[in-house]
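> Below is the structure I would like to discuss, written out as structure tokens.
The values are calculated or read from the model by the stated rules, or taken from the named source; none is laboratory data. Everything numeric here is computed off the predicted structure, so don't read it as measured data. Neighbour counts run over all protein chains shown; Cβ positions are idealised from the backbone, glycine included. SASA here: full protein model, heavy atoms, side chains in, ligands and nucleic acids out. Shrake-Rupley method; radii C 1.70, N 1.55, O 1.52, S 1.80 Å.
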Amino acid sequence: MTVKKKFKTAVLISLLFSLMGCAGVGPYTVARDRFDYTSAISDSWKAQMLVNMVKLRYGDTPTFLDVASVINQYSVESQVDLRLTWADPITAGLTNSQTAGGAARYIDRPTITYSPITGEKFARSLMTPIPPAAILSLIQANYPVDLVLRLCVHSINGIRNRYGGAARARPADPEFYPLIERLRRLQVSGAIGLRVQKTNEKEATLMTFRSKLDQATEEDSLAVRKMLGLDAKAQEFAVVYASIAKNDRELAILSRSILEIIVDLASYIEVPDIHVEEKRVNPTNIEEADPGSPLIPLIRIHSSREKITDAFVAVPYRDYWFWIDDRDLPSKRMFSFLMFIFTLVETGGKEGAPIVTIPAG
């Protein structure tokens with residue numbers, strides 16, 4: 001009975017390992033891996049953006065890496081050894097032996113390919129100004145026009161925005177904040193729109209004003225036209241990339257590149273006082289819309305000696321932690337909007353994706 005029992009046990013072990021070898025593990029990992037890798041790439045992308053903002057604030061060199069591909073290979077191996085020796089007790093004496101053994105191995109082998117953004121790729125993706133049509137498309141999609149213009153443009157028809165870059169920092173022109181405030185009211189009322197028109201085999205982007213407006217909206221529309229030097233009666237204005245408009249029916253937008261946007265947002269970082277005293281970094285300037293009236297900063301990025309546990313994103317740099325409070329919803333939205341703006345510019349090069357060969361086993 002003992003021999004039979006052990007023999008049955010060995011057979012069960014054999015069947016178990018055989019089933020393990022035949023069952024596919026791939027389909028069951030899709031949902032788990034997709035979520036895990038999405039979360040990991042998202043968190044690393046946020047950390048990379050924030051640490052590069054801090055580096056630029058300190059005059060350091062930023063480094064950007066794209067995750068070109070993620071390939072995960074799974075392998076399940078099983079092995080069963082079964083030996084049984086039996087001798088007839090009448091002829092060969094009472095001898096018997098049995099041996100059963102098994103082994104299993106599970107391998108998870110991810111292959112992640114990184115692509116640094118350098119050279120021509122860096123210039124094309126980070127230093128090329130955002131097309132004015134893309135900026136107007138964001139406004140048309142109901143992103144607040146005041147925030148979009150504060151973030152993405154240097155000037156509109158010669159009216160300059162504030163810029164926080166250390167090399168050419170400047171305050172905004174006095175007309176800029178009243179202009180974007182009126183534009184915001186026009187956006188809320190639906191008075192401004194976007195139209196793309198094909199002329200001479202080229203696409204022209206036009207900003208349009210509705211003709212039927214209430215009295216308050218009409219006043220804002222006339223005030224915007226006057227500040228921008230636009231024709232008071234025209235309903236359509238061509239949008240171009242330039243610093244100065246050539247006539248009163250043209251809207252000249254001098255847009256920023258992604259790198260300039262990051263540099264400007266980095267100027268809002270609250271750096272440690274000791275670093276300012278040691279001349280490692282410039283102090284943070286408080287922007288004012290009117291004399292004595294501080295303007296709400298586009299983003300708030302704090303610094304502290306200790307790591308904050310309740311942070312939306314936090315990165316270490318020069319023995320300090322730089323972080324965005326998870327309860328600061330406007331700063332979280334602005335940071336996420338920056339990540340979205342980053343995708344407006346092509347980051348992929350002309351070359352194809354890297355070819356990675358993974359064995360099927």
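> Can you work out ³J(HN,Hα) from phi for every residue in the stretch 312-323, in order, using Karplus 6.51 cos²θ - 1.76 cosθ + 1.60 and θ = phi - 60°, giving whole Hz and x for Gly and Pro?
Whole-Hz 3J(HN,Hα) from phi for the stretch 312-323: 5, 7, 8, 9, x, 6, 6, 6, 10, 9, 10, 8.
> Something else: Projected area of the stretch 137-222, taken from the Cα convex hull and averaged over every viewing direction, in nm²? Could the numbers behind the result be given before it?
Values: hull surface 28.6 nm².
One quarter of the hull surface, i.e. the mean projection, equals 7.1 nm².
> Net charge near R280: determine it from the other residues with C-beta under 12 Å of the C-beta of R280, scoring Lys and Arg +1 and Asp and Glu -1. Let's see the in-between values first.
Numbers: positive: R57, K279, R318; negative: D60, D273, E277, E278, D319.
Within the 12 Å Cβ shell, the charges total -2.
> List the residues whose amide H sits under 5 Å from the amide H of V313, counting only those 5 or more places along or on another chain, with H placed 1.01 Å from N in the peptide plane.
So V313 has HN proximity to I324.
> Please list D66, D60, D319, D43 in order of solvent-accessible area, largest first, computed with a 1.4 Å probe with all protein chains present.
Largest accessible area first, the residues go D319, D43, D60, D66.
> Using a 1.4 Å probe and counting only protein heavy atoms, arrange V240, V271 so the residue with the most accessible area comes first.
The ordering from most to least exposed comes out as V240, V271.
> Oh, and also: List the residues, sorted by chain then number, that are 5 or more residues from S257 or on another chain and whose placed amide H is less than 5 Å from its amide H.
Here I130 satisfy the definition.
> With charges only on Cβ, +1 for K and R and -1 for D and E, what is the dipole size of the stretch 148-261 about its Cα centre, in debye, rounded to 20?
Approximately 220 debye in magnitude.
> Under a Cβ-Cβ cut-off of 11 Å, what is the net charge of the residues other than D173 that fall near it, where Lys and Arg count +1 and Asp and Glu count -1?
+2
> Turning to a different aspect of this structure: How high is the FRET efficiency from I274 to S336, r the C-beta distance, R0 22 Å, rounded to 0.05?
0.10
> Continuing with the same structure: For the stretch 144-260, give me the percentage of DSSP beta bridges that are antiparallel, rounded to the nearest 5 percent.
Details: 17 of 21 bridges.
That works out to approximately 80 percent antiparallel.
> Also: Search the structure for amide H atoms under 5 Å from the amide H of L295, placed 1.01 Å from N in the peptide plane, and list their residues when 5 or more places away or on another chain.
Here the answer is E287, E288, A289, since their amide H atoms fall under 5 Å of that of L295.
> Sticking with this one: Translational diffusion coefficient of the stretch 243-336 at 37 °C, 0.692 mPa s, Stokes-Einstein with Kirkwood Rh over Cα pairs, in µm²/s as a whole number. Walk me through the intermediate numbers first.
Working: Rh = 15.7 Å.
Once the numbers are plugged in, D ends up at 209 µm²/s.
> Listed here are the pairs K46/K307; K212/K332; K46/K121; K279/K332; K121/K279; K55/K307; which of them are more than 26 Å apart at the Cα?
K212/K332; K279/K332; K121/K279
> If packing is taken as the average count of other Cβ atoms within 10 Å, what order do 298-306, 248-256 fall into, highest mean first?
Those peptides, ordered most packed to least, come out 248-256, 298-306.
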